[in-house]
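These notes concern the structure reproduced below.
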Amino acid sequence: KFDMGGSAAVLGAAKALGQIKPAGVEVHFIVAACENMISGTGMRPGDIVTASNGKTIEVNNTDAEGRL
């Protein structure tokens, strides 16, 4: 959601050039597209956590090193 801004810009430029199709131009785009998580159960920005008292918490930043 947040760490993919550079790749999103590259993909947007690739789409625009693909639609414009400028004559005599050959362009190659390389984008590293993968999920950057320590495991399949890791938190992602936008996840909702429900505390034991029923209160819900939206995760906005996962760089908190284990803290909510």
- Query: In degrees between 0 and 90, to the nearest 10, how far off the longest principal axis of the chain does helix 5-20 point, with axes built from Cα atoms?
  - Reply: 30
- Note on the structure: With the dipole of the chain defined by +1 on each Lys or Arg Cβ and -1 on each Asp or Glu Cβ, the option from V10, A51, T62 whose Cα lies farthest towards the positive pole is V10
- Item | GNM flexibility winner over the chain from A32, A23, A13 (Cα, springs under 10 Å) | A23
- Note, ³J(HN,Hα) from phi for the range 22-31, Karplus 6.51, -1.76, 1.60, rounded to Hz, x at Gly and Pro: x, 5, x, 10, 10, 10, 10, 10, 10, 10
- Task: For the chain, set up a Gaussian network in which alpha carbons nearer than 10 Å are linked by springs, and say which option among G46, G18, G54 fluctuates the most.
- Result: G54
- Message: With only alpha-carbon atoms in the gyration tensor, what are the semi-axes of the equivalent ellipsoid for the chain, in Å, largest first?
- Response: 39, 12, 8
- For the chain, with only Lys/Arg (+1) and Asp/Glu (-1) charged at the beta-carbon, what is the dipole magnitude about the Cα centre, in debye rounded to 20? 200
- Relative contact order (%) - criterion: Cα under 8 Å, at least six apart; region: the chain: 23
- Task: Before rounding to the nearest 500, sum -39500 (n - 2.57) across all DSSP H runs of length at least 4 in the chain and divide by the residue total; then give [θ] at 222 nm in deg cm²/dmol.
- Result: -8000 deg cm²/dmol
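Values quoted throughout were computed directly from the atomic coordinates according to the rules given, and no laboratory measurement underlies them. Being a predicted model, the structure only gives us computed values, none of them experimental. Cβ atoms come from the backbone with ideal geometry, glycine included; neighbour counts cover every protein chain shown.
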